[in-house]
Each structure stands twice: as C-alpha cells, then as structure tokens.
1. Could you go through region 227-245 and let me know if any residue there is buried (at least 20 other Cβ atoms within 10 Å of the Cβ), in contact (Cβ under 8 Å) with a residue 60 or more places away in the chain and away from the ligand (no atom under 16 Å from the Cβ).
2. Check F165 against each of (1) touching an Asp or Glu at 6+ places or on another chain (Cβ under 8 Å); (2) away from the ligand (no atom under 16 Å from the Cβ); (3) among the aromatic types (F, W, Y) and name the one condition it does not meet.
3. What residue, of G156, G140, is more than 10 Å from the ligand (Cβ to nearest atom), without any contact (Cβ under 8 Å) to a residue 24 or more places away in the chain, under 18 Å from the mean Cα position of the chain (by Cα) and surrounded by fewer than 17 Cβ atoms within 10 Å (Cβ to Cβ)?
4. Identify all residues within region 19-66 that are closer than 20 Å to S133 by Cβ, touching a strand residue (DSSP E or B) at 6+ places or on another chain (Cβ under 7 Å) and hydroxyl-bearing (S, T, Y); write none if there are none.
5. If the requirement is being away from the ligand (no atom under 12 Å from the Cβ), of a type in the set (S, T, Y), modelled with pLDDT of 95 or more and farther than 29 Å from L189 by Cα, which of these qualifies: T8, T89?
6. Taking into account only those residues within region 26-42 that are closer than 16 Å to N80 by Cα and not in a loop (DSSP other than H, G, I, E, B), which is nearest to the ligand (Cβ to nearest atom)?
7. Kindly indicate whether P193 is within 12 Å of the ligand (Cβ to nearest atom) and either among the hydroxyl-bearing types (S, T, Y) or out of contact with any Lys or Arg (no Cβ under 8 Å at 6 or more places or on another chain) (or both).
8. Tell me, yes or no, whether region 8-18 has at least one residue that is assigned to a helix (DSSP H, G or I) and either β-branched (V, I, T) or closer than 19 Å to M131 by Cβ (or both).
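The values are calculated or read from the model by the stated rules, or taken from the named source; none is laboratory data. Please read all numbers here as calculations on a predicted model, not as lab measurements. Here Cβ is always computed from backbone atoms with ideal geometry, including for glycine, and neighbour counts include all displayed protein chains.
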Amino acid sequence: MGRLDGKTVVLTAAAQGIGRATAELFAKEGARVIATDINVDKLKELDAIPGIETHVLDVTKNADVESFASKIDRIDILFNCAGYVANGTILDCEEKDWDFSFDINVKSMYRMCRQFIPKMISQNAGSVINMSSVASSIKGAANRFVYGVTKAAVIGFTKSLAVDFVKHNIRANSICPGTVETPSLDERLASLPNPEQARKDFIARQKMGRFGTAEEIAHLVLYLASDESAFITGQEFVIDGGWSL
Ligand code: NAD
C-alpha cells in the first residue's frame, strides 16, 4: 500500500532536480502524478514511469495555467516547486531582474493557487506545499538578494493561505532546503570563476559537510503531502544539513 494511494498530485518544475525526484517518489507511493515543466524533452522522460502523466506548463503564463487547470477535476496535493536562483546583491538587481524573480518564484504560486484552491474547497480537502529556501527570512545568504526576498515572500504567502483555508480542510506548508545537488546547482557552480573552489565553499556552509540530495527533499514533501502530517499547517520546514544552525 502506498502512502498516497488514490491521491491526485500536481507538481510544477518536475522535469529535473527536486521536482523530478518528488514526482518519482509520489508515483511509487501510489499517487496519480501530473508532472509539469517547460522543458519538453526532459519532461518526456517521465512519461515512461507508471502513474505519471506530463503536461508542458510555463508557470509565468496566466492563460496557460488557467487552461491547464480547467482540464483537471480533482487535486489533492499541489507542489509549487518552480523557482529561479538569481545571483548578486541589491546593486546587481535591476527592476527587470526583481520582476522576473518575483514572477517565477512567487507569482507562479499565486496563479496556481487561484486555480486550484477552489477545487480543493469543493472537495473540502487539500495539501499545498510551496518551495521556499533557507535563504529567505530564515537566513541571509551572500549574493542571493532577490532570491532571498522572494523565498521569504513564499513563507508569508503560505501562512496566509493556511489561515484562510484551514476551515476547508486545506493545509499549506513551505519547505526551506539548504543547497541541494541538482542540475541547476551544477550550472550555477560552473558559471563561477573558480567552480572547484565555489563547490567547496558551498559545501562548507552546510555543517554536515555535504549537499542535500533531491531524494531527501522529496521525502519531506511526501510527509507534508500525506495524511501523516494532517495536524500541520502554515509552517516552514528547514532541511539544510545544518546550514542555518
Ligand atoms: P532545477 O533548478 O535544476 O530545475 C528547475 C526546473 O524548473 C527545470 O526543470 C526547469 O525547466 C523548470 N522551469 C524553469 N522555468 C519554468 C517555468 N517558467 N515554468 C515551469 N517550469 C520551469 O531544480 P532545483 O534546483 O531542484 O530547484 C527547484 C526549486 O527548489 C526552486 O524553486 C529552487 O529555488 C528551490 N531550491 C533549490 C535548492 C537547491 O540547492 N537546488 C535549494 C533551495 C531551494
């Protein structure tokens, strides 16, 4: 028996990294998984996995989110995973950079929740998990200005959602990972002047002396998605190998 038997899950940014690991774990746990992303080729790889169906979805396009949601009747779990890590301080962050990060990291969740919360209300059940980061209101991280601001906003967004819909049996929680080994992390490291040293520096931030794995994060998402966490709402969950200690 799976922990998500009979549940329908929608995930954003499911083609790689944490979103993908979560889609795969949820399918193993018996869910009907609707995995979405903009990366058509990588998303296709998930089609071979029993229990997973895929839809191309750009979370920055309101009309696309609306049309996608109109095709889905029931949803038990929504994992808003899409996000972008912008590098730099406030002085590097032009208005277009601010708008881009807020659009993908926060407004995407607004768009998804506006579509899917009404369905959860009509079912009188639902669990929303939003992707924040330890680089947020939890910890100031160097050169992560707009990223940290958006991820702090996600924590506030989630608490607001939780309090407004608690009487409809809808829960909302956010997760706050430290640095996790994913394809985009590799790209970020590779783009720095000294990738080897940057990798060492990033690892050194986490007191356990290693990066997290996407699978470790997926298990936290599973807990928050499943009925095992039925008494938890509005909380942010740090999973960071001790970075914030
Ligand atoms: P990733 O960055 O490697 O992959 C992100 C995925 O998002 C890609 O498949 C990409 O195609 C997709 N995507 C990009 N723009 C999109 C859009 N407009 N619409 C839909 N999908 C889009 O994955 P990751 O590193 O696991 O990051 C996933 C989330 O986890 C992000 O919100 C990130 O901020 C957060 N996070 C990551 C880390 C980390 O160290 N990797 C730490 C804390 C939080």
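1. Yes - at least one qualifying residue is present in region 227-245.
2. F165 satisfies all of (1) touching an Asp or Glu at 6+ places or on another chain (Cβ under 8 Å); (2) away from the ligand (no atom under 16 Å from the Cβ); (3) among the aromatic types (F, W, Y) except (1).
3. The unique qualifying residue is G156.
4. T22
5. The conditions single out T8.
6. Going through the qualifying residues, I end up with D37.
7. So P193 fails the test.
8. Initially, region 8-18 is screened for residues assigned to a helix (DSSP H, G or I), giving 17-18.
When the remaining residues are screened for being either β-branched (V, I, T) or closer than 19 Å to M131 by Cβ (or both), the result is 17-18.
Yes.
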